[in-house]
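Student: Sharing a structure, written as structure tokens. Questions coming.
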Amino acid sequence: MNELEILKSWVENSDNVVFFGGAGVSTESNVPDFRSADGLYNMKYDYPPETIISHSFYMKNPEEFYRFYKDRMLYPEAEPNPAHLALAKLEQEGHLKAVITQNIDGLHQAAGSKEVLELHGSVHRNYCTRCNKFYDMNYILEQEGVPRCSCGGMVKPDVVLYEESLDSDVIDSALRYIRKADVLIIGGTSLTVYPAAGFVSYYRGSKLVLINKSATPMDNRADLVINQPIGQVMSMFL
């Protein structure tokens, strides 16, 4: 059997598949990758992107933060691609237990996935820092400058900025799924961002699959490595 046939067999004979995905899952939906050659890290702003999307910068320069955030991190036109759709289908069929994602775009839910653990939050959830009132992404896009709540408080995206901690409940759930997984598929991530990259070490099974266009530091630990676009690989499940 070739690599794709092995993956298909493992997934279709399991009821405990867990998927862990990164930016590469969404680039095929035209959402830029932070670290690719044409990604956010290589665009020209007054400050480096990793500075702009830090907690301290957000607090000190909310206008500049929101100028960048609305311009470069919100993609309301993005649609789920074959990877998102295939994962939702596998969940419906009883093969997939959960999607753990580093992405903040909500495309897994848009595709129909129910059990999605968002390690870095979501652009679709925004809260007033004063009264905690909820606002959606459209509200953020419609506002000039810094979005304000009806109470006058500043509205903050529910995304994990640099210098902020990941949600401990989300981490606990993610690690629980990974530990118990029969098949763990890691896709569209270079596995260089911690702490998320360290999650792989919690996997106890013998069917670790890495799907990424380029090599990762974990390739030698995987049971199956597929160097192809994630959407192309996962489309065989549609």
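Student: GNM, the chain, Cα, under 10 Å: largest mean-square fluctuation among LYS133, LYS89, LYS207?
Tutor: LYS133
Student: Given LEU208, SER56, GLN143, which one lies farthest toward the positive end of the charge dipole of the chain, if we put +1 on the Cβ of every Lys and Arg and -1 on the Cβ of every Asp and Glu?
Tutor: Of LEU208, SER56, GLN143, it is SER56.
Student: Would you calculate the volume per residue, in Å³, of the smallest convex hull containing every Cα atom of region 126-205?
Tutor: Roughly 142 Å³ of hull volume per residue.
Student: Same structure again: What is the gain in length, in nm to one decimal, between MET59 and LEU224 on full extension, counting 0.36 nm per residue of separation less the C-alpha to C-alpha distance?
Tutor: Additional length available on full extension: 55.0 nm.
Student: Based on the Kirkwood radius over alpha-carbon pairs, what value in µm²/s does the Stokes-Einstein equation return for the translational diffusion coefficient of the chain at 25 °C and 0.890 mPa s?
Tutor: The Stokes-Einstein estimate is 132 µm²/s.
Student: Roughly how big is the chain's charge dipole about its Cα centre, with Cβ charges of +1 (Lys, Arg) and -1 (Asp, Glu), in debye to the nearest 20?
Tutor: Rounded to the nearest 20 debye, it is 400 debye.
Student: Now, a different point. If you take the beta carbon distance between TYR47 and SER201 as r and set R0 to 45 Å, what does 1/(1 + (r/R0)^6) give as a FRET efficiency, to the nearest 0.05?
Tutor: Using R0 = 45 Å, I get an efficiency of 0.85.
Student: Assuming R0 = 30 Å, can you tell me the calculated FRET efficiency for the pair LYS8 and TYR75, based on Cβ-Cβ distance, to the nearest 0.05?
Tutor: Working from the Cβ atoms, E equals 0.45.
Student: Just to be sure I understand the model, the point goes 7 Å from the Cα along the line to the Cβ. What's the resulting LEU141 to LYS213 distance in nm?
Tutor: A separation of 2.5 nm, rounded to one decimal place.
Here, each number is a calculation from the coordinates, and none is a lab measurement. The model shown is predicted, which means the values in this text are computed figures rather than measured ones. Every residue, glycine as well, gets a Cβ built from its backbone with ideal geometry; the counts of neighbours run over all protein chains shown.
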